[in-house]
């Protein structure tokens, strides 16, 4: 099984974009039925629910195969890094 996210992180309120999700067989690229895992964008949105993060104060990147979300906490005056774990295989 292979999961293909649409790319980088962006919040719906800051940019206009279209997101497509699909579950494909890694060998044949044929569509598979089943539940879709949460995208990295959905995980970040859930994590930041209730946190005021300015758009210029956040970033999402990969390091050693892990998704790392970073944002600046103005109240705490610190940079916060959150490891969301390994990216799906094939990415």
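Annotations
- Selection within the range 62-91 - on the phi < 0 side of the Ramachandran plot, surrounded by fewer than 11 Cβ atoms within 10 Å (Cβ to Cβ) and assigned to a loop (DSSP other than H, G, I, E, B): 75, 76, 89
- Boolean, residue 3 is under 21 Å from residue 87 (Cα atoms), modelled with pLDDT of 90 or more and surrounded by 10 or more Cβ atoms within 10 Å (Cβ to Cβ): no
- Of residues in the range 6-20 being exposed (fewer than 13 other Cβ atoms within 10 Å of the Cβ) and under 15 Å from the mean Cα position of the chain (by Cα), the one modelled with the lowest pLDDT: 7
- Boolean, residue 60 is touching a helix residue (DSSP H, G or I) at 6+ places or on another chain (Cβ under 8 Å) and in contact (Cβ under 8 Å) with a residue 24 or more places away in the chain: yes
- Taken over the range 23-61, the criterion of being part of a strand (DSSP E or B) and surrounded by 13 or more Cβ atoms within 10 Å (Cβ to Cβ) is satisfied by 23, 24, 58, 59, 60.
The values are calculated or read from the model by the stated rules, or taken from the named source; none is laboratory data. What you are looking at is a predicted structure, and each value in this text was computed from that prediction instead of being measured. Cβ: placed from backbone, ideal geometry, glycine included. Neighbour counts: every protein chain shown.
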